Amino acid sequence: AWPGFMSYDSLLAYEQARYGVGTSLWPPLHTYMFVVSRAVGADTWGVLLFQTFALLFGAALVLHSLVARRLLAWTLWALFAGGLVFFPTLLGSMMAQWRDVPTGGFAVLGLGLWLQAARARAWPLLALAVVAFGLSVGLRYNALVLVAPALILMVWRPFLANAAPLAARTATMTLIVASLGLAWASTQW
């Protein structure tokens, strides 16, 4: 199970990645992440690297969206990343192969992508942000509470500028419904 501490949830997801999904008690998206990781020859460490990358890259996007000075943004990001090592509880969370870590990583990545989409007024980035939020919900049902405020704000003002026209809000709502629908559907087969 190295690298990464494998909790009961993670061991169940890893077992299901090898032998098939056998229970619907936990959303199977974490299982699918292990399947992909094993398929590329990375076994458990691929999921560990991916969830760490999603969290750190998402944090970098958020900081570079909100902080104008690049040096300050990189310094804050380095403090964030260093904090993961300095504080044992944070490092322990990062090393765990729980669904909580990629759930939070996808949520932070979604926020960062949305802020970048707002800056560039780019629909592809907005769509990726919605997909990242959907993946977060697909990993943990209660992540909907985590991302709901951002999703509501995305519908109201997709690019955070003046009030969005009805067509832009409708397109954003359609993306969100499709992404959440896929998160729900991933638990059904």
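How large, in percent, is the carbon and sulfur part of the accessible surface of region 73-189 at a probe radius of 1.4 Å?
78 percent
Using r as the Cβ-Cβ distance of S24 and A122, and R0 as 30 Å, what FRET efficiency do you calculate, to the nearest 0.05?
0.25
Average the reciprocal distances over every distinct pair of alpha-carbons in region 61-175, invert the result, and give the Kirkwood radius in Å.
Answer for region 61-175: a Kirkwood hydrodynamic radius of 15.1 Å.
Give the shape of region 79-123 as rounded, prolate or oblate, defined through the alpha-carbon gyration tensor: a ≥ b ≥ c are the square roots of its eigenvalues, a/c under 1.5 means rounded, and otherwise the shape is prolate if a/b is larger than b/c and oblate if not.
Oblate.
Let me know the Kirkwood hydrodynamic radius for region 1-66, please, with Cα pairs as the basis and the value in Å to one decimal.
It is 12.7 Å.
What accessible area per residue comes out for region 42-189, rounded to a whole number of Å², with a 1.4 Å probe?
It amounts to 52 Å² per residue over region 42-189.
Test of understanding: what is the full-extension gain from F57 to L71, defined as 0.36 nm times their sequence separation minus their Cα-Cα distance?
Answer, rounded to one decimal: 3.4 nm.
Using Stokes-Einstein with the Kirkwood hydrodynamic radius over Cα pairs, what translational diffusion coefficient do you get for region 98-143 at 37 °C and a viscosity of 0.692 mPa s, in µm²/s rounded to a whole number?
319 µm²/s
How big is the shadow of the Cα convex hull of region 1-144, averaged over all directions, in nm²?
The directionally averaged projection comes out at 9.2 nm².
The values are calculated or read from the model by the stated rules, or taken from the named source; none is laboratory data. Computed from a predicted model, the values in this text were never measured in an experiment. When we count neighbours, we look across all protein chains shown, and the Cβ atoms used for this are built from the backbone with ideal geometry, even at glycine. Only protein heavy atoms, including side chains, enter the accessible area calculation; ligands, DNA and RNA are left aside. Shrake-Rupley method; radii C 1.70, N 1.55, O 1.52, S 1.80 Å.
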